[in-house]
Amino acid sequence: MSLSYRYAAQCCARQLRTTATAPVRAALVQQRIARRHNSTEAVSPKISGIVDQISQLTLLETADLVASLKSRLNIPDLPVGGFAAGPAFSGPAAVVEEEEAAPAAAEKTLFNLKLMSFEAGAKPKIIKEVKSLLGLSLVDSKKFVESAPKIMKESVPKEDAEKIVATMKELGAVVVLE
């Protein structure tokens, strides 16, 4: 079934709320039932009776009915999107991902910069450089430098990463490209 029970109940309740009076509401319910009965499929009288009873339920009763049916029939709660949300079989996709990973490893263009360590005498200069690179406050920059090893930046182009590594190396810090 492509629609969830909850969604169907909400649509029915919304439609019932928008109609102004009870006689109009009853006429619409009868029209819907008539449309269902006039379909090309053969509907048994038992199903017809159940449909009549369900169509006359209130929103709260419909919600209770849905909960009861889910528990009795062991129907799991599915996220919006139902069965089409996730892939059913990932065999060929895994092969494609492996093929794409091989060229990506050979031609890596984006790097993560990790501050590994620093010289104790160069700590103030490194804090100032980290402050300017990352846009942190002086206190946050100090905490960042003192918590080394820590990743400074992620997804940095190769040219920029090499410049940052050279600058930090001149100041007395050890920065690694990952």
Among (1) at pLDDT below 85; (2) surrounded by fewer than 10 Cβ atoms within 10 Å (Cβ to Cβ); (3) farther than 16 Å from Arg6 by Cβ, there is one condition Pro76 misses while meeting the rest; what is its number?
(3)
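Can you tell which of Val156, Val175, Val145 is over 26 Å from Lys108 (Cβ atoms), touching a residue at least 24 places away in the same chain (Cβ under 8 Å) and among the hydrophobic types (A, V, I, L, M, F, W, C)?
Details: Val156 fails: over 26 Å from Lys108 (Cβ atoms); Val175 fails: over 26 Å from Lys108 (Cβ atoms).
One residue alone meets the criteria, Val145.
Of Arg32, Arg6, which residue is at pLDDT below 75, out of contact with any Ser or Thr (no Cβ under 6 Å at 6 or more places or on another chain) and open to solvent by 50 Å² or more (accessible area, probe 1.4 Å)? So that I can check it myself, show each step before the final result.
On the way: Arg6 fails: at pLDDT below 75.
Going through Arg32, Arg6 in turn, just one is at pLDDT below 75, out of contact with any Ser or Thr (no Cβ under 6 Å at 6 or more places or on another chain) and open to solvent by 50 Å² or more (accessible area, probe 1.4 Å): Arg32.
So if I check each of Ala84, Ala104, Ala122, Ala93, which one is in a helix (DSSP H, G or I), within 30 Å of Val174 (Cα to Cα) and modelled with pLDDT under 55? Show your work before the answer.
Details: Ala84 fails: within 30 Å of Val174 (Cα to Cα); Ala122 fails: modelled with pLDDT under 55; Ala93 fails: within 30 Å of Val174 (Cα to Cα).
Result: Ala104 is the single residue among Ala84, Ala104, Ala122, Ala93 that is in a helix (DSSP H, G or I), within 30 Å of Val174 (Cα to Cα) and modelled with pLDDT under 55.
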Considering segment 43-65 alone, what residues qualify as being within 18 Å of Ala9 (Cβ to Cβ), outside any helix (DSSP H, G or I) and either touching a Leu at 6+ places or on another chain (Cβ under 7 Å) or open to solvent by less than 90 Å² (accessible area, probe 1.4 Å) (or both)?
Leu57, Thr58
What pairs come up if the first residue lies in segment 126-141 and is free of Cβ contacts under 8 Å to residues at least 24 places away in the same chain, the second is of a type in the set (Ser, Thr, Tyr) and assigned to a helix (DSSP H, G or I), and their beta carbons are under 8 Å apart, counting only those six or more places apart or on different chains?
Ile127/Ser141; Lys128/Ser141; Val130/Ser141; Lys131/Ser141; Leu134/Ser141
Taking the condition open to solvent by 60 Å² or more (accessible area, probe 1.4 Å), of a type in the set (D, E, K, R) and in a strand (DSSP E or B), does Glu154 pass?
yes
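The values are calculated or read from the model by the stated rules, or taken from the named source; none is laboratory data. In this text, all values refer to a predicted model and were calculated from it rather than measured experimentally. Ideal geometry is used to build each Cβ from the backbone, glycine not excepted, and the neighbour counts take in all protein chains shown. Side chains included, ligands, DNA and RNA excluded: accessible areas come from the protein's heavy atoms. Shrake-Rupley method; radii C 1.70, N 1.55, O 1.52, S 1.80 Å.
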